[in-house]
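What follows is a short report on a single structure.
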Amino acid sequence: MATARKNKSDYASPYRGHPGQYSWILHRITGVAIILFLFMHVVDTALIGWGPEAYERVLRAYQNPFIHLLELGLVIAVLYHSINGFKITMIDFFPKLVTHIKGISLATAVVFALAAIPTTVIMLKQTWDLWKA
């Protein structure tokens, strides 16, 4: 039996910018960022074993406005990763939800924005206060 010959237009590009692809990429990036932070957190907490002076030096470094901006990035990454992870979990448990993926993705984005905007405002105010000090 002969198979139909495929045209070049029958093959899709792997990254055409579908919202699900961006969600997948951001989920992986935020997951890696969170893991890297956890590694750093274990190391800086372990410094307490080297004495209070070493630990205090690390804590003073966290008072730097640039480090505070990195903390904001971490909070945003955790927010996105958790909200998107909930979406993924719901789709895994209820596969019929895939038919509503655009609406679910939009709802996920709205929930993320509603959580991220006030968090960003509060943390940027704290960063500004550190900058002025």
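The values are calculated or read from the model by the stated rules, or taken from the named source; none is laboratory data. Note that this is a predicted model, so its numbers are computed, not measured. In this analysis, Cβ positions are derived from the backbone assuming ideal geometry, glycine residues included, and neighbour counts consider all displayed protein chains. Areas reflect the complete protein model, heavy atoms only, side chains present, ligands, DNA and RNA absent. Shrake-Rupley method; radii C 1.70, N 1.55, O 1.52, S 1.80 Å.
Worth a mention:
- Placing a label point 7 Å from the Cα of residue 69 along the Cα-to-Cβ direction, the residues of region 26-53 whose backbone N falls under 20 Å of that point are 30, 33-34, 37.
- Using alpha-carbon coordinates, inclination of helix 52-61 to the longest axis of the chain, degrees: 60
- Between region 41-94 and region 103-133, the alpha-carbon center distance in angstrom: 16
- Packing, taken as the mean count of other beta carbons within 10 Å per residue, orders the peptides 45-53, 31-39 from highest to lowest as 31-39, 45-53.
- Mean sequence separation of contacting Cα pairs (under 8 Å, at least six apart), scaled by the length of the chain, corresponds to a relative contact order of 29 percent.
- For the chain, the 222 nm mean residue ellipticity estimated from helices alone, with every DSSP H stretch of n ≥ 4 adding -39500 (n - 2.57) and the total spread over all residues, rounds to -26500 deg cm²/dmol.
- Taking only the C-alpha atoms of the chain, the Rg (one decimal) and the largest Cα-Cα distance, Dmax (whole number), read 21.4, 78 Å.
- Between helix 101-132 and the chain: long-axis angle, C-alpha atoms, 0 to 90°, nearest 10: 20
- This model, with +1 at the C-beta of Lys and Arg and -1 at the C-beta of Asp and Glu, gives region 43-133 a dipole about its Cα centre of some 380 debye.
- With eigenvalues of the C-alpha gyration tensor scaled by 5 and rooted, region 31-103, Å: 38, 14, 6
- For residue 104, net neighbour charge (Lys/Arg +1, Asp/Glu -1) across residues whose Cβ lies under 15 Å away: +2
- Most to least accessible of 123, 40 (protein chains only, probe 1.4 Å): 40, 123
- Taking other residues whose beta carbon is less than 15 angstrom from the beta carbon of residue 58, and scoring Lys, Arg as +1 and Asp, Glu as -1, yields -2.
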